[in-house]
Amino acid sequence: MPWCPKCKLEYRDGYDQCSDCGESLVDSIDGKGQKENEEKKFVLLMDINQREGEVIRSLLEAHGIEVRSQFNEAGAYLDIYMGGSVFGIKLFVKEGQLKEAKEILGSQVEKEEFGEYEEE
């Protein structure tokens, strides 16, 4: 796959010039550019109902994790017209932050399941 040596973006086969900067594309670039591109890649964290997804998104963003969401099926339309969706959402995080996100969510589940209560 061709790469832009300046922007470090990967293109589909058949392209020979970067649409952003106009540079000629090359067949490969150094490992640094590929690593930067992988850090921008988002992977699926979970598929969950909309309201719980909003809470989890807030929690992760409070810990500095970038989260993107996608409505399932016709959920986006229902959210606009009805104020919510029964189809749920998918939450995505950067590939490099997936492990950290799971650890944060795991620690929250443990606190809720086992309860961290202060005795009076």
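Values quoted throughout were computed directly from the atomic coordinates according to the rules given, and no laboratory measurement underlies them. For clarity, every value in this text was computed on a predicted model and none was experimentally measured. Quick reminder, even Gly has a Cβ in these numbers, built from the backbone with ideal geometry, and neighbours come from all protein chains shown.
What the table below lists for this structure:
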read-out	value
Distribution of pairwise C-alpha distances over the range 41-114, 10 Å bins, in %	20, 48, 27, 5
Ranked list, fewest to most other Cβ atoms within 10 Å of each Cβ, for 57, 51, 12	12, 51, 57
Computed E for residue 73/residue 102 - FRET, C-beta separation, R0 35 angstrom, nearest 0.05	0.85
Computed lengthening from residue 8 to residue 54, 0.36 nm per intervening residue step minus Cα-Cα distance	13.3 nm
